[in-house]
Amino acid sequence: MNPSADRASLFKTWLEEHRGIVVRVTRSFAPAPADAADLQQEILLQLWISLSSYAGQAKPSTWIYRVCLNTAMTWRRGTARREKRHEPEADIAHLATEAGSPADQAGERELLEKLYAAINALPDFDRALVPLSLDGLAYREIAEITGLTENHVGVALTRARQRLAQLMKGVTDELE
Amino acid sequence: MNWNDYEAVWKRQELPVGAGADLPRLRETFETKRRRLAATLLVRDLLETSAGLFASGVFAYVWWHIGKEGWPIALAIILMLGLSGFFLRERLRAHRHRLGPDAPLLARLEAEIAGLRHQRHLLLNLWSWYLAPCAGAIVIFVATLVRLLITQAPPELFTKLWEHPIVVVGVILPVVAVQFLVFWGVWALNRRAVRKGVEPRLAELEKLHRDLLAPN
């Protein structure tokens, strides 16, 4: 098999296995559907481009998280104007309907929408840290992705969780 | 509700349909973007380096016509070539320090901070590496031509000219003023770029970096 075909097949396999990372990072950074499509395309493009430089030092999931988060953070910085035309409630509702969840899960879906809206309202690095923590990654893995020490991950996550809790306070009171 | 509830909801979420990648389209987009980026970079690098090379070429051509008398123009050529070399060195430096999207987030943040600090340093010291060499080269070039003109022109021409100093001043002053305004404009625009663009961004990233590495 030639290297190009190898790369294409590896790309497909990884994308099937780790599609959730791409989707969750995209939604965390770009709740509006048009922006989400744009960011997802950019992330996939960066994954495809960077794949040739993957040397196997990191686990595929760690590597994918890095590319996704770096791309999303760069995209977000470069598109500050998107913030102005962004309407969180409507956009998140639209994304959620695509998931096609059953009606009895409406409360959970609403909570998820609010969670994404809250993550989106966090400062840049917190916005990257919170999805990693919600995905259940250990401090060691988060440290590998971010380049922080495990101690700093702990401190930064505590702060990020507090900020998230503050943002979610009104929402959870409403849902409970 | 607490963090565990959020985590549970997060993990149970369904993935939207069609979140996969259309590989042929992706390759096509990549090729288009790569070509566009390569063309943009080529034009930018050519403009930056070729301006100095072009000026050097013009100076060299004039020197060749003047002959040995025009030897100071060599200094102007050295200054302009030095400027082109500086731009080239900066491009290579930027290329060497660039981190890919698969680098750890903190390393990318630190690289960006270092890049912005370097950019600020360059823009604040524009006079030393850009304006001074350009102005120096222009002064040397013009002075050489004027000196040659004075030695080769009939002496009575200058006698007559000095009788009308207002004409001499009227010719020289606008040229110097325009030159000064151009250089001042370039300097002011770059100071503004530092104040409005580089420094706020740098302060934001430095604060983020400090917060991330704060002990508690």
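The values are calculated or read from the model by the stated rules, or taken from the named source; none is laboratory data. Predicted model, so just to flag it, every value in this text is computed and none were measured. Here Cβ is always computed from backbone atoms with ideal geometry, including for glycine, and neighbour counts include all displayed protein chains.
Scanning the stretch A:33-47 for residues that are buried (at least 17 other Cβ atoms within 10 Å of the Cβ) and touching a residue at least 40 places away in the same chain (Cβ under 8 Å) yields A:Asp35, A:Ala36. Could you tell me whether the stretch B:81-98 includes any residue that is within 14 Å of another protein chain (Cβ to nearest Cβ) and free of Cβ contacts under 8 Å to residues at least 40 places away in the same chain? There is at least one residue in the stretch B:81-98 that is within 14 Å of another protein chain (Cβ to nearest Cβ) and free of Cβ contacts under 8 Å to residues at least 40 places away in the same chain.
The number of residues in the stretch A:119-165 being charged (D, E, K, R), more than 19 Å from B:His209 (Cβ to Cβ) and in contact with a Leu (Cβ under 8 Å, 6 or more places away or on another chain) comes to 1. Residues in the stretch B:99-110 that are of a type in the set (D, E, K, R) and either away from chain A (no Cβ under 12 Å) or in contact (Cβ under 8 Å) with a residue 12 or more places away in the chain (or both): 1 in all. Would you check if A:Ile64 is among the hydrophobic types (A, V, I, L, M, F, W, C), more than 7 Å from chain B (Cβ to nearest Cβ), out of contact with any His (no Cβ under 8 Å at 6 or more places or on another chain) and buried (at least 17 other Cβ atoms within 10 Å of the Cβ)? When the stated conditions are applied, A:Ile64 does not pass them. Give the residue that is surrounded by the most Cβ atoms within 10 Å (Cβ to Cβ), with candidates limited to residues of the stretch B:140-196 that are under 30 Å from B:Leu122 (Cβ atoms) and of a type in the set (D, E, K, R). Out of the qualifying residues, it is B:Arg191. For the stretch B:164-182, name all the residues that are under 14 Å from B:Val142 (Cβ atoms) and of a type in the set (Val, Ile, Thr). The answer is B:Val171, B:Ile172, B:Val175, B:Val176, B:Val178. Any chance the stretch B:13-23 includes a residue that's of a type outside the set (Gly, Ala, Ser), on the phi < 0 side of the Ramachandran plot and modelled with pLDDT of 80 or more? Yes, there is a match, as at least one residue in the stretch B:13-23 is of a type outside the set (Gly, Ala, Ser), on the phi < 0 side of the Ramachandran plot and modelled with pLDDT of 80 or more. Taking first residues from the stretch A:113-124 that are under 14 Å from A:Pro33 (Cα atoms) and partners that are in a helix (DSSP H, G or I) and among the basic types (Lys, Arg), the Cβ contacts under 6 Å between residues at least 6 apart in sequence or on separate chains come to A:Tyr116/A:Arg27. Evaluate the stretch B:59-79: report whether one residue or more is within 30 Å of A:Gln57 (Cα to Cα) and either of a type in the set (A, V, I, L, M, F, W, C) or loosely packed, with under 12 Cβ neighbours inside 10 Å (or both). Checking the stretch B:59-79: not a single residue is within 30 Å of A:Gln57 (Cα to Cα) and either of a type in the set (A, V, I, L, M, F, W, C) or loosely packed, with under 12 Cβ neighbours inside 10 Å (or both).
Listed by position, the helices (runs of 4 or more DSSP H) enclosed by the stretch A:59-176 that each have at least 3 residues that are touching an Asp or Glu at 6+ places or on another chain (Cβ under 7 Å), closer than 26 Å to A:Leu47 by Cα and modelled with pLDDT of 90 or more are A:60-78, A:139-146. Scanning the stretch A:129-141 for residues that are without any contact (Cβ under 8 Å) to a residue 60 or more places away in the chain and within 18 Å of A:Thr71 (Cβ to Cβ) yields a single hit, A:Leu129.
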